[in-house]
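Structure first, then comments.
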Amino acid sequence: MTSKENWLNLPNKITFARLLIAVFLFILLSIEITGGTGDRPLVLNLAAMIFILCVATDWLDGHLARKYGLVTAFGRIADPFVDKVVVCGSLIYLVHLTPDLIRPWFVATLVAREFLVSGLRAFIESRGTPFGARWGGKIKMILQSILVPLVLVYQANFTGENALPYADLVRNFCWLMVVMTLLATIQSAWDYVSVALGSLNNLPEDQSSKTVEGREQVR
């Protein structure tokens, strides 16, 4: 198998397809924000289904890659990158679409966590130490994947003149998911920081000195 064929395996194609689906989702939400289509509930319900499709393809490409031994270096980078684009991008749009539920500081906290963990992973793995996914990060991702379509469905069906019954109950559940997602984000960030600090302490002495010398040169 050539490197090109390896790069173009099925899981990576699914990852790329998820990115294209996300672009379509963002275009749809942009249209709704800028001018509207005249049927806000339809657009937001459709957006929720598209987001769920993105989540499903995320599970599918990972499952296929592990089951058939198709894990590649490109996939290890592309898959979490696309995940961050889908989730963080959707939350940024929700700041405008549902400002009473999704606040700017909330999204800023989630995005900051993603930058922090990505930076730590790049730093630790560049020194030959594995820095894989943690359960806290997986739980955070699950909660985010529930929160986004839940808020979209709430905004589509439980607000406005034609709101469905039990709107207050659904809204309270949305708030619960916001709080749980925030707590999971903070906990997973601290978990990754703790692991990173432990990895740095376990570096060989000569490698640690090289790290210090490198920082001094950068300064």
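Listed values, structure above:
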| quantity | calculated |
| --- | --- |
| Enumeration of residues in the range 65-78 that are closer than 24 Å to residue 146 by Cβ and crowded, with 16+ Cβ neighbours inside 10 Å | 65, 78 |
| Top-ranked residue of the range 117-145 - restricted to ones that are hydrophobic (A, V, I, L, M, F, W, C) and surrounded by fewer than 15 Cβ atoms within 10 Å (Cβ to Cβ), ranked as modelled with the highest pLDDT | 142 |
| Filtered residue count, the range 67-76, keeping only those that are among the small types (Gly, Ala, Ser) and not in a helix (DSSP H, G or I) | 1 |
| Breaking point among (1) under 26 Å from residue 39 (Cα atoms); (2) in contact with a helix residue (DSSP H, G or I) (Cβ under 7 Å, 6 or more places away or on another chain), for residue 71 | (1) |
| The range 77-135 - residue that is of a type in the set (Ser, Thr, Tyr) and not in a helix (DSSP H, G or I) and, of those, nearest to residue 193 (Cα to Cα) | 129 |
| Some residue of the range 172-179 being surrounded by 13 or more Cβ atoms within 10 Å (Cβ to Cβ), part of a loop (DSSP other than H, G, I, E, B), under 21 Å from the mean Cα position of the chain (by Cα) and not hydroxyl-bearing (Ser, Thr, Tyr) | no |
| Tabulated pairs, the range 57-82, first within 15 Å of residue 22 (Cα to Cα), second surrounded by 13 or more Cβ atoms within 10 Å (Cβ to Cβ) and hydrophobic (A, V, I, L, M, F, W, C), C-beta under 6 angstrom, 6+ apart or interchain | 57/14; 82/19 |
| In the range 136-163, residue farthest from residue 199 (Cα to Cα) [restricted to those that are assigned to a loop (DSSP other than H, G, I, E, B) and of a type outside the set (Asp, Glu)] | 162 |
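For (1) out of contact with any Lys or Arg (no Cβ under 9 Å at 6 or more places or on another chain); (2) under 22 Å from residue 108 (Cα atoms), each residue gets a yes or a no:
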{"site": "163", "(1), (2)": "yes, no"}
{"site": "167", "(1), (2)": "yes, no"}
{"site": "173", "(1), (2)": "yes, yes"}
{"site": "181", "(1), (2)": "no, yes"}
{"site": "186", "(1), (2)": "no, yes"}
{"site": "191", "(1), (2)": "no, yes"}
{"site": "194", "(1), (2)": "yes, yes"}
{"site": "198", "(1), (2)": "yes, no"}
{"site": "201", "(1), (2)": "yes, no"}
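The values are calculated or read from the model by the stated rules, or taken from the named source; none is laboratory data. Values in this document were obtained by computation on a predicted structure and should not be read as measured data. Neighbour counts are summed over all protein chains in view; Cβ atoms, including those assigned to glycine, are modelled from backbone coordinates with ideal geometry.
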